[in-house]
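Peer 1: First, the structure itself, so that you have it in front of you.
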Amino acid sequence: MPLLVCATPIGNLADVTHRVLDALRDAELVLCEDTRRTQVLLDRYGIRARGLVSVHRHNEARQARDLLPRLQSGETLALVSDAGLPGVNDPGSRLVEAALAAEVEVTVLPGPSAVETALVASGLAGGQYRFLGYLPRRAAELETLWKDSRRWPYAAVAFESPKRLAASLGALACIDPTRRVAVCRELTKR
């Protein structure tokens, strides 16, 4: 299993799975969004990684190109982000895409999800939902998104910075004042 995409805890380090810990322990190389954050998880479980390499949004394209030969040679690389599943809203999708294009086996090790945890905790879950990722920073783009969302009969989950939260919710209230909203933060830390 050359590329192991490993979900990491979204807060509480005890939320990691045994499969992920085994992958981190056994991989020839652990690919991290931030090596310092990953080292905290490794230290918690007494894992000495054979090597840590940073793969983040600024270097992911280059790293995917540089790491592909190692995957093709059969080395096992474990990919993690700071929290959650790489490739959803964190680095990793370019490496996964490159591996699949090169017919390298990719295995995803599931785990905690901020999206689904927030959805269930909100009480708004009910089957379908739409994941928006990070909300647009530009007011016009945010307004367009909120106008479009009025047609959705199901919940939407978005990520937003605490600094922009009030403005984003204010923009939503102007466009869709009856929309039910839940704000979820620190989902598993407390």
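Peer 1: Within the chain, what percent of beta bridges assigned by DSSP are antiparallel, to the nearest 5?
Peer 2: Values: 1 of 20 bridges.
So the antiparallel bridges amount to about 5 percent of the total.
Peer 1: Oh, and also: Mind listing the long-range amide H neighbours of Gly84? Cut-off is under 5 Å, sequence gap 5 or more, other chains count too, H placed in the peptide plane at 1.01 Å from N.
Peer 2: Thr8, Ile10
Peer 1: Another one. With n ≥ 4 as the cut-off for DSSP H runs, can you work out [θ] at 222 nm for the chain, using -39500 (n - 2.57) per run divided by the number of residues, rounded to the nearest 500?
Peer 2: Working: 7 runs with 72 residues, N = 190.
Computed ellipticity for the chain at 222 nm equals -11000 deg cm²/dmol.
Peer 1: In square nanometres, what is one fourth of the surface area of the convex hull spanned by the alpha carbons of the chain?
Peer 2: Working: hull surface 47.8 nm².
The number I arrive at for the chain is 11.9 nm².
Peer 1: To continue, here is another question. Starting at 0 and stepping by 5 Å, how many percent of the alpha carbon pairs of segment 1-112 end up in each bin?
Peer 2: Calculated over all Cα pairs of segment 1-112, the distribution is 2, 14, 27, 28, 19, 8, 2, 0 percent.
Peer 1: How much of the accessible area of the chain, in percent, comes from carbon and sulfur atoms when a 1.4 Å probe is used? Intermediate results must be reported in sequence, preceding the final value.
Peer 2: Working: 5430 of 11000 Å².
About 49 percent, which is the carbon plus sulfur part of the accessible surface.
Peer 1: May I ask you to list the trypsin sites (Lys or Arg not before Pro) in segment 116-161 that are in a DSSP loop and have at most 15 other Cβ atoms within 10 Å of their Cβ? If you can, show how the numbers build up before the last one.
Peer 2: Values: sites: Arg130, Arg137, Arg138, Lys147, Arg150, Arg151; in loops: Arg137, Arg138, Arg150, Arg151.
Filter output for segment 116-161: Arg137, Arg138, Arg150, Arg151.
Peer 1: In the chain, once you exclude exposed GluC sites (Glu not before Pro) (DSSP loop, at most 12 other Cβ within 10 angstrom), what's the longest stretch remaining? Could you put the intermediate results ahead of the total?
Peer 2: Values: sites that count: Glu103, Glu186.
Segment 1-102 is the longest.
Peer 1: I'd like to check one number: the per residue accessible area of the chain, probe 1.4 Å, reported in Å² as a whole number. Write down the numbers at each step before the final one.
Peer 2: Working: 11000 Å² over 190 residues.
Dividing the accessible area of the chain by its residue count gives 58 Å².
Peer 1: Among Leu135, Leu29, Pro2, whose Cα lies farthest out toward the positive end of the dipole of the chain, if unit charges sit on the beta carbon of Lys, Arg (+1) and Asp, Glu (-1)?
Peer 2: After comparing all options, I get Leu135.
The values are calculated or read from the model by the stated rules, or taken from the named source; none is laboratory data. Keep in mind the model is a prediction, meaning the values are calculated, not measured. FYI the Cβ positions are ideal-geometry reconstructions off the backbone, even for glycines, and counts take in every protein chain you see. Keep in mind that these areas ignore ligands, DNA and RNA; they rest on the heavy atoms of the full protein, side chains included. Shrake-Rupley method; radii C 1.70, N 1.55, O 1.52, S 1.80 Å.
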